[in-house]
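Remarks on the structure that follows.
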Amino acid sequence: MENFILNCHKDVNTQLEHILPEATGSAQRLYGAIRYAVFNGGKRIRPLLCYGGACAVGEIDDNTAKIAASIEMMHAYSLIHDDLPSMDDDTLRRGKPSCHIEYDEGTAILAGDALQSLAFQQLTELGDLDTVVNLELIKLLVRGSGCQGMVAGQAIDLASTATEIDLPALVEMHRFKTAAMIESSVLMGAMGTGKATDDQLKALRTFGTSIGVAFQIQDDILDVEAATEEIGKKQGSDNEGRKATFTSLLGTQMAKDNVNELFENSIKSLEDFDSSADRLRSIANFIVTRTF
């Protein structure tokens, strides 16, 4: 598994280096902000899930790294915008100043905008792939990141700040905000092979939703329990922002119980897959046991 992770990181980072503009020329400040946001660390969980989805139904090929890079650029855009003063107002990301702190708010907004467009551009440059499949990949990225996914979740999050919401509403919010892109990452990896069946995609969708919500609950637990140095952002920042979290609604122990239940659901969804899905199983285990 360690070699799988290292190879994925290497492939995706190489692809990102190829795609992203160098910080030179008249727009060098913008380009510098783009590269700062993408290469300032991170676990690359979504690219790993993309690779795991590809392995589960077929095999990794040249398109897998391109698809994974597209997903990572979309994720980087979302983090830039999430940290803005008008959104979550976070000054620390991955242990470093947030993009709008390191640069400025206007440049950060533009860097996020550019990364979003680059993510879609990357999906137009895949090689030797059926046009219908290529369009489905674009649709999956739209669905995961847009008004049916991540953006909708952020809108619900903003609207619920300093208000009381119940558990079903919180789960719905994070199915949009967090799980939608995680689900899309798995599905895009599988679909990019051109070999995924409808039944396999259905199972992988269930896996992605379950482990996506588990990812968010684990984040909420770490926000309470982990040190700032471990998680790369200020401890307790969600509570300071008066945001509803799984730990504030359920308590830490019940939140942990929910993580375990969702993990079991995600593993069960893969029961019709053989050892080809072991990488997804391992990534799921990492997601729910991580300490950063």
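The values are calculated or read from the model by the stated rules, or taken from the named source; none is laboratory data. In this text, all values refer to a predicted model and were calculated from it rather than measured experimentally. As a convention, Cβ positions derive from the backbone with ideal geometry for all residues, glycine included, and neighbour counts pool all protein chains shown.
Numerical summary
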read-out: Residue count, the range 282-292 (criterion: surrounded by fewer than 18 Cβ atoms within 10 Å (Cβ to Cβ) and either at pLDDT 95 or above or within 20 Å of V57 (Cβ to Cβ) (or both)); value: 4
read-out: Of residues in the range 44-67 being farther than 16 Å from D278 by Cα and among the acidic types (D, E), the one surrounded by the most Cβ atoms within 10 Å (Cβ to Cβ); value: D61
read-out: All positions within the range 8-51 that are of a type in the set (V, I, T) and over 18 Å from the mean Cα position of the chain (by Cα); value: T14, I19, T24
read-out: Search result, residues across the range 140-176 that are in contact (Cβ under 8 Å) with a residue 12 or more places away in the chain, more than 16 Å from the chain's Cα centre (by Cα) and under 18 Å from D82 (Cα atoms); value: I156, D157, L158, S160, T161, A162, L170
read-out: Residue within the range 108-118 that is modelled with pLDDT of 95 or more, in a loop (DSSP other than H, G, I, E, B), of a type in the set (S, T, N, Q) and closer than 22 Å to L158 by Cα present; value: no
read-out: Elements of type helices (runs of 4 or more DSSP H) contained in the range 1-75, each with 2 or more residues being among the aromatic types (F, W, Y) and more than 19 Å from V186 (Cα to Cα); value: 28-38
read-out: Residue count for the range 157-170, restricted to those that are part of a helix (DSSP H, G or I) and either surrounded by fewer than 17 Cβ atoms within 10 Å (Cβ to Cβ) or among the charged types (D, E, K, R) (or both); value: 7
read-out: Any hit, the range 68-85, residues being within 19 Å of Q154 (Cβ to Cβ), exposed (fewer than 15 other Cβ atoms within 10 Å of the Cβ) and at pLDDT 95 or above; value: yes
read-out: Near pairs, Cβ below 7 angstrom, 6+ apart or cross-chain, from the range 14-31 (of a type in the set (S, T, Y)) to any residue that is surrounded by fewer than 15 Cβ atoms within 10 Å (Cβ to Cβ) and not in a helix (DSSP H, G or I); value: Y31/E22
read-out: Qualifying residue in the range 180-199 (condition: over 22 Å from Q122 (Cα atoms), touching a helix residue (DSSP H, G or I) at 6+ places or on another chain (Cβ under 7 Å) and either of a type in the set (A, V, I, L, M) or assigned to a helix (DSSP H, G or I) (or both)); value: no
read-out: Lone qualifier among T131, T107 - being under 17 Å from G32 (Cα atoms) and among the polar types (S, T, N, Q); value: T107
read-out: Answer residue from the range 86-108, given it is of a type in the set (D, E, K, R) and within 26 Å of L222 (Cα to Cα) and is surrounded by the most Cβ atoms within 10 Å (Cβ to Cβ) among those; value: R93
read-out: Residues located in the range 5-43, provided they are closer than 19 Å to E59 by Cα and touching a helix residue (DSSP H, G or I) at 6+ places or on another chain (Cβ under 6 Å); value: C8, D11, V12, Q15
read-out: Selected residue [farther than 20 Å from D82 by Cβ, free of Cβ contacts under 8 Å to residues at least 60 places away in the same chain and polar (S, T, N, Q)] from T209, T193; value: T209
read-out: Y77 out of contact with any Lys or Arg (no Cβ under 9 Å at 6 or more places or on another chain), more than 30 Å from R205 (Cα to Cα) and among the aromatic types (F, W, Y); value: no
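Residue-by-condition table, conditions (1) surrounded by fewer than 22 Cβ atoms within 10 Å (Cβ to Cβ); (2) touching a helix residue (DSSP H, G or I) at 6+ places or on another chain (Cβ under 6 Å); (3) not basic (K, R):
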residue: L110; (1), (2), (3): yes, yes, yes
residue: D113; (1), (2), (3): yes, no, yes
residue: E125; (1), (2), (3): yes, no, yes
residue: D130; (1), (2), (3): yes, no, yes
residue: K139; (1), (2), (3): yes, no, no
residue: G144; (1), (2), (3): no, yes, yes
residue: C147; (1), (2), (3): yes, no, yes
